[in-house]
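Enquirer: Here it is: the structure, laid out below.
The values are calculated or read from the model by the stated rules, or taken from the named source; none is laboratory data. This one's a predicted model, so the numbers in the text were calculated from it and none came from an experiment. So basically every Cβ, Gly included, is an ideal-geometry build from the backbone, and we count neighbours across all protein chains shown.
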Amino acid sequence: MLPPLQNSKRGDLYLSSPNIRILRISPAPSDTDKTDLLDCDIQVVSLNNLPEYETLSYVWGSEADRVPILVSGHRIEIPRSLSGALRQLQLPDRDRLLWVDQICIDQQNLEEKADQVRLMSVIYTKCSRCIAWLGEVRDEVLDDADAAVQLLQYMAAASRAQDPNAEPLPPTLAHGFGAAIEALKSICPGRNAWWMRIWTVQEAALPEYVTLRWGRFEMPWSTLQQARAAWVSRFPQPLGDMLAQHPAGYRILADFTAHVTWVNLARLRYDDLFEMIHRYRFRMATDTRDKIYGLLGLCQGGRLPVTEICDYSIPTHQVFSTLAQELILDQKGLRPLTVSPRQQKNESTPEIATWALDLAFSTPKYAPDVYYLMYSYDAYNADEGLGPIDLKAIESEIGQQSLTLTGVHIDNIVRAQDGFLTADVADSAQVPATEALLHDWYAAAVGCPFSDHDLDGSVSKDIYTESTYTRAEAFARFALGDVVRDTNQQPVRQAQDNDAQDVWKIMRGKASDVDFDTRKTIYGMMANQTMFVTETGLMGQGHKETEVGDQVWIFRGGNVPFVVRPQKAEGVARYTFVGQCYVQGIMRGETASKNGLVQKTISLY
């Protein structure tokens with residue numbers, strides 16, 4: 001606990017809404033002895049009457065490596081990384097006012113911490129500027145850091161130029177491009193933690209003005225935006241010529257500009273709430289609860305009323321189950337359950353419900369593409385005819401381990417076939433390896449090996465369950481998820497007969513004749529998924545952990561079916577949640593709207 005904040009009732013430092021603390025950093029003329037303790041002051045100000053101040057976005061750094069500073073006459077210790085930032089930000093001739101979370105919030109006071117976290121949207125929105133601190137320039141790239149900055153400035157200038165190719169490459173880059181790339185690499189996401197922390201998303205997204213600070217170098221965020229535009233749409237030929245000589249630079253610049261893009265998406269509020277949580281879930285947090293608390297500044301108030309309290313006294317598993325329940329209420333449906341990857345037992349949040357949105361890890365080692373599943377959801381309407389979801393039942397269970405849903409039991413799984421396991425579901429180079437498994441899936445789903453002697457691909461003439469087409473034809477549609485997707489994997493229309501023919505081409509070894517987007521669609525269906533067959537012969541695909549004995553259900557409010565696993569419990573319908581699934585022939589209300597189906601209410605745990 002910081003000594004100046006030790007007495008919470010001390011008049012000059014006591015926080016009551018809507019007050020915050022501001023750090024005042026004393027000036028440092030050029031002749032200042034840098035070995036002296038950094039001298040700061042802290043004061044309480046009202047959000048209704050704020051002075052002009054800046055905010056600092058940074059990575060906390062190691063708790064083991066701490067150095068002393070003076071705050072309001074008290075000697076305290078802060079991480080060396082933060083001390084270095086404050087030293088660099090001292091002005092030569094006047095005080096600097098900064099809001100710095102580690103100093104301005106009593107981190108040991110959970111009630112105050114929750115209060116201040118709820119105010120962070122206002123704190124970062126009202127600041128005159130946010131300084132994103134990437135740390136000191138590392139010694140090994142100290143001589144080339146200026147060239148790295150010039151590279152980004154050159155790309156920004158090229159994007160603004162009428163003719164990007166006419167923008168001259170700075171002489172420094174013409175002779176030291178490789179060194180500039182290596183220096184830039186030191187502040188790329190793989191080397192610099194600022195890009196990988198959850199809090200830095202909203203810290204860079206909320207303020208109108210953001211400046212990137214790297215040691216003594218400073219760049220406005222607009223420069224990064226323009227450099228990104230040059231990479232994506234206004235690529236200058238001189239840059240291409242340099243990269244031809246230094247091909248490693250392609251990956252470095254691609255990685256850097258991709259993360260700039262993701263921050264820009266947050267600045268533009270491009271994602272809806274559900275997508276935003278998943279886009280940034282790969283980022284890290286010291287306290288796992290911050291994986292959601294750290295994004296709430298970008299969320300419209302009132303949408304997640306319980307989660308927004310930011311109560312650090314609530315166990316993590318309860319925070320995540322509450323989040324999933326409130327997302328269901330917000331979406332008025334079960335979309336929030338569709339891309340919840342179940343963690344490995346040794347990685348999952350202790351005591352968490354199987355249906356809850358576990359943000360502890362970004363993804364398990366083998367997980368389907370989140371966006372592939374997310375984009376699929378609106379292409380189907382499996383629950384048509386069942387009636388609306390009972391939102392009051394969901395609301396009554398907020399914070400509990402149970403999730404009570406009403407729907408129809410479709411069938412039981414009697415056969416399961418492994419899919420293609422890959423730790424990188426975005427790796428399109430693995431598409432051919434995925435396609436090699438199509439024959440195994442075909443044999444399991446259709447009941448006989450695939451034969452390329454039959455021109456229409458239908459060795460089996462058996463009619464698929466309650467349909468007008470054969471099991472072989474059903475498989476071709478199943479392999480595509482019965483939709484055609486665009487380059488971004490967004491479903492654009494329902495699959496037709498000619499699309500099914502593309503599946504047969506692939507299975508006959510003629511994949512080169514098929515559009516690559518179609519091949520990627522099949523890859524998305526098979527990568528880290530399990531194919532299954534039900535008692536009545538339905539063919540489906542679901543979570544990797546799907547196994548024989550699991551059940552397929554369609555619940556009210558669910559555009560897609562779900563796989564659940566009965567638990568051994570006497571007198572109570574208790575189920576484990578396995579995940580969403582695709583089942584050929586029931587995705588568009590064909591089954592749920594049938595007369596005579598009995599709806600039941602069950603509880604997931």
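Enquirer: So which of A356, A379, A433, A367 is free of Cβ contacts under 8 Å to residues at least 60 places away in the same chain, of a type outside the set (D, E, K, R) and out of contact with any helix residue (DSSP H, G or I) (no Cβ under 8 Å at 6 or more places or on another chain)?
Expert: Answer to the check: A433.
Enquirer: Please state which one of F282, F235 is at pLDDT below 95 and among the hydrophobic types (A, V, I, L, M, F, W, C). Full working, then the answer.
Expert: Values: F235 fails: at pLDDT below 95.
When all the criteria are applied, what remains is F282.
Enquirer: While we're here: A158 passes all but one of (1) in contact with a Ser or Thr (Cβ under 6 Å, 6 or more places away or on another chain); (2) farther than 29 Å from F361 by Cα; which number fails?
Expert: (1)
Enquirer: Limited to the stretch 409-430, what total is found for residues that are touching a strand residue (DSSP E or B) at 6+ places or on another chain (Cβ under 9 Å) and either assigned to a helix (DSSP H, G or I) or closer than 20 Å to K332 by Cβ (or both)?
Expert: So the answer is 1.
Enquirer: Out of (1) basic (K, R); (2) modelled with pLDDT of 90 or more; (3) under 17 Å from the mean Cα position of the chain (by Cα); (4) assigned to a loop (DSSP other than H, G, I, E, B), the odd one out for K291 is which?
Expert: Condition (4) is where K291 drops out.
Enquirer: List pairs: first residue in the stretch 315-335 and closer than 20 Å to L391 by Cβ, second residue at pLDDT 95 or above and hydroxyl-bearing (S, T, Y) anywhere in the structure, Cβ distance under 7 angstrom, at least six positions apart or on different chains.
Expert: T322/T307; L323/T307; E326/T307; R335/Y377
Enquirer: Can you pull out every residue in the stretch 483-519 that is among the charged types (D, E, K, R) and farther than 23 Å from V446 by Cβ?
Expert: R485, D486, R493, D515, D517
Enquirer: Out of (1) more than 22 Å from Q202 (Cα to Cα); (2) in contact with a Ser or Thr (Cβ under 9 Å, 6 or more places away or on another chain); (3) modelled with pLDDT under 90, the odd one out for S30 is which?
Expert: Of (1) more than 22 Å from Q202 (Cα to Cα); (2) in contact with a Ser or Thr (Cβ under 9 Å, 6 or more places away or on another chain); (3) modelled with pLDDT under 90, only one is false for S30: (2).
Enquirer: On to the next question. For the stretch 520-541: of the residues being in a loop (DSSP other than H, G, I, E, B) and not aliphatic (A, V, I, L, M), which is farthest from V446 (Cα to Cα)?
Expert: N528
Enquirer: Let me confirm something: among S57, S30, S17, S62, which residue is assigned by TED's automatic domain parsing to the domain that holds D115, more than 28 Å from R197 (Cα to Cα) and of a type in the set (S, T, Y)?
Expert: Step by step, each of S57, S30, S17, S62 is checked, and only S30 is assigned by TED's automatic domain parsing to the domain that holds D115, more than 28 Å from R197 (Cα to Cα) and of a type in the set (S, T, Y).
Enquirer: Same structure again: Tell me the residue from S186, S233, S159 that is assigned by TED's automatic domain parsing to the domain that holds A258, surrounded by fewer than 23 Cβ atoms within 10 Å (Cβ to Cβ), over 30 Å from E54 (Cβ atoms) and hydroxyl-bearing (S, T, Y), please.
Expert: S233 is the lone residue from the list that is assigned by TED's automatic domain parsing to the domain that holds A258, surrounded by fewer than 23 Cβ atoms within 10 Å (Cβ to Cβ), over 30 Å from E54 (Cβ atoms) and hydroxyl-bearing (S, T, Y).
Enquirer: Pick from the stretch 249-288 the residues that are assigned to a loop (DSSP other than H, G, I, E, B) and among the aliphatic types (A, V, I, L, M): which of them is surrounded by the fewest Cβ atoms within 10 Å (Cβ to Cβ)?
Expert: Narrowing the stretch 249-288 to residues assigned to a loop (DSSP other than H, G, I, E, B): 268-272, 280-283, 285-288.
If we keep only those that are among the aliphatic types (A, V, I, L, M) as well, we get 268, 285.
Values: L268: 9, A285: 16.
Among those that are assigned to a loop (DSSP other than H, G, I, E, B) and among the aliphatic types (A, V, I, L, M), it is L268.
Enquirer: Considering only residues of the stretch 578-595 that are among the small types (G, A, S) and crowded, with 24+ Cβ neighbours inside 10 Å, which is farthest from G419 (Cα to Cα)?
Expert: Checked the stretch 578-595; the qualifying residue farthest from G419 (Cα to Cα) is A592.
Enquirer: Let me ask something else. Is there a residue in the stretch 105-121 that is over 16 Å from L15 (Cα atoms), within 33 Å of the chain's Cα centre (by Cα) and either in the same structural domain as M219 (by TED's automatic domain parsing) or surrounded by 14 or more Cβ atoms within 10 Å (Cβ to Cβ) (or both)?
Expert: yes
Enquirer: For E54, which of the numbered conditions (1) within 30 Å of the chain's Cα centre (by Cα); (2) modelled with pLDDT under 90; (3) not aliphatic (A, V, I, L, M) fails to hold?
Expert: Among (1) within 30 Å of the chain's Cα centre (by Cα); (2) modelled with pLDDT under 90; (3) not aliphatic (A, V, I, L, M), E54 violates only (2).
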